[in-house]
Amino acid sequence: MTPQLLKAAVTKEVTQLMAPILAEFKSTPDWQEVTKNAYPPPPSKVIVKKAKKLGTRFPGVKKDAADGPDLSTNEALGEASKGV
């Protein structure tokens, strides 16, 4: 007997032996509850997004008036490129 043939034969016989046990398990609500309590479903993961930390060189960051001109507007960019 080769391992391939042995595996198929053993699988078939074990399935036949387990059939009445499986039928009893599926028909009894007590066993269903025991299984549910023993192996609870995994909790759903809640993904929390972190707030992005934007650096001072990010184009959308607004600067205070004390720090210099606001470079997020086109007018300020034009003035900055002219050297005014």
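The values are calculated or read from the model by the stated rules, or taken from the named source; none is laboratory data. Here the structure is a predicted model, which means the values were calculated and not measured. So basically every Cβ, Gly included, is an ideal-geometry build from the backbone, and we count neighbours across all protein chains shown.
Annotations for the structure displayed:
- Among the residues making up the range 34-67, those that are modelled with pLDDT of 75 or more and farther than 30 Å from GLU24 by Cβ are PRO43, SER44, LYS45, VAL46, ILE47, VAL48, LYS49, LYS50, ALA51, LYS52.
- Which listed residue is charged (D, E, K, R) and either surrounded by 10 or more Cβ atoms within 10 Å (Cβ to Cβ) or assigned to a helix (DSSP H, G or I) (or both), from LYS52, LYS7: LYS7
- Output for the range 27-49, where each listed residue is assigned to a helix (DSSP H, G or I) and loosely packed, with under 10 Cβ neighbours inside 10 Å: SER27, PRO29, ASP30, ASN37, ALA38
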